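What follows is a short report on a single structure.
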């Protein structure tokens with residue numbers, strides 16, 4: 001079995017981007033070269049990794065099974081090479097952070113800038129995901145640090161309270177709730193709700209009482225920019 005790191009990088013790029021054209025641009029190679037790398041990898045492994053048509057490319061089941069393993073291999077190799085390049089520059093290494101989109105946008109830029117000012121050799125890889133994915137990535141050791149909200153009951157991770165946030169009810173000016181001074185759980189449960197990330201359900205159930213039945217959720221938004 002004979003295959004190269006370039007072929008593995010090619011596979012990971014095409015699998016994640018879903019496009020030979022975009023993957024070739026990312027890797028700074030010509031598309032025919034990328035196609036040859038994928039074909040040689042498939043020949044070396046004696047499997048088909050992609051189903052191709054003239055308009056689309058999709059992973060086969062074998063490709064889906066291999067992507068997490070080979071993706072982690074590329075990530076670990078990049079981290080190792082980064083450490084080697086940064087030897088002698090003080091703190092060095094890759095810090096992988098999984099964070100809620102709001103935290104990634106509001107908290108991390110300033111924190112990373114401050115850390116890099118003192119440790120020029122540090123590098124960061126940020127993944128903005130929903131709350132449940134944050135914990136899953138930390139538990140799977142695909143992230144070193146997770147920034148999330150809501151209850152965290154995993155026994156094999158250390159949890160630190162970093163900040164406290166406030167929940168808000170948002171509604172149009174003409175909504176009946178605009179006439180009341182304080183929104184109580186009883187009032188809130190009279191109206192269909194659009195909820196944020198599923199972890200918000202736990203907060204709302206705690207606030208309204210676990211005896212609440214049929215919580216009126218009309219839809220769920222996973223980003224603040226959702227319409």
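Of the residues in the stretch 120-133, how many are out of contact with any helix residue (DSSP H, G or I) (no Cβ under 9 Å at 6 or more places or on another chain) and surrounded by 15 or more Cβ atoms within 10 Å (Cβ to Cβ)? Spell out the reasoning first.
So the first thing to find is which residues in the stretch 120-133 are out of contact with any helix residue (DSSP H, G or I) (no Cβ under 9 Å at 6 or more places or on another chain), and the list is 120, 133.
The next check asks that each one be surrounded by 15 or more Cβ atoms within 10 Å (Cβ to Cβ); those that pass are 133.
Residues meeting the conditions: 1.
Considering only residues that are touching a helix residue (DSSP H, G or I) at 6+ places or on another chain (Cβ under 7 Å) and not in a loop (DSSP other than H, G, I, E, B), look in the stretch 177-187 and name the one that is nearest to residue 167 (Cα to Cα). Steps first, answer last, please.
The first filter runs over the stretch 177-187 and keeps only residues touching a helix residue (DSSP H, G or I) at 6+ places or on another chain (Cβ under 7 Å), leaving 177, 180, 183, 185, 187.
Subset that is not in a loop (DSSP other than H, G, I, E, B): 177, 185, 187.
Values: 177: 16, 185: 13, 187: 16 Å.
Filtering the stretch 177-187 for residues that are touching a helix residue (DSSP H, G or I) at 6+ places or on another chain (Cβ under 7 Å) and not in a loop (DSSP other than H, G, I, E, B), the one nearest to residue 167 (Cα to Cα) comes out as 185.
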If a residue has to be out of contact with any helix residue (DSSP H, G or I) (no Cβ under 7 Å at 6 or more places or on another chain), at pLDDT 80 or above and not in a helix (DSSP H, G or I) to count, how many in the stretch 75-96 make the cut?
2
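In the stretch 105-140, what count of residues is obtained for those that are more than 21 Å from residue 156 (Cβ to Cβ) and part of a strand (DSSP E or B)? Don't jump to the end; show me each part of the working.
Pass one, the stretch 105-140, residues more than 21 Å from residue 156 (Cβ to Cβ): 105-126, 128.
After this cut, where a residue has to be part of a strand (DSSP E or B) as well, the list is 121-126, 128.
The number of residues fulfilling the criteria is 7.
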Name the one entry in 99, 25, 15, 58 that is surrounded by 14 or more Cβ atoms within 10 Å (Cβ to Cβ), modelled with pLDDT of 85 or more, farther than 30 Å from residue 164 by Cα and touching a strand residue (DSSP E or B) at 6+ places or on another chain (Cβ under 6 Å).
15
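The values are calculated or read from the model by the stated rules, or taken from the named source; none is laboratory data. If you're wondering where the values come from, they're calculated on a predicted model, not measured in any experiment. As a convention, Cβ positions derive from the backbone with ideal geometry for all residues, glycine included, and neighbour counts pool all protein chains shown.
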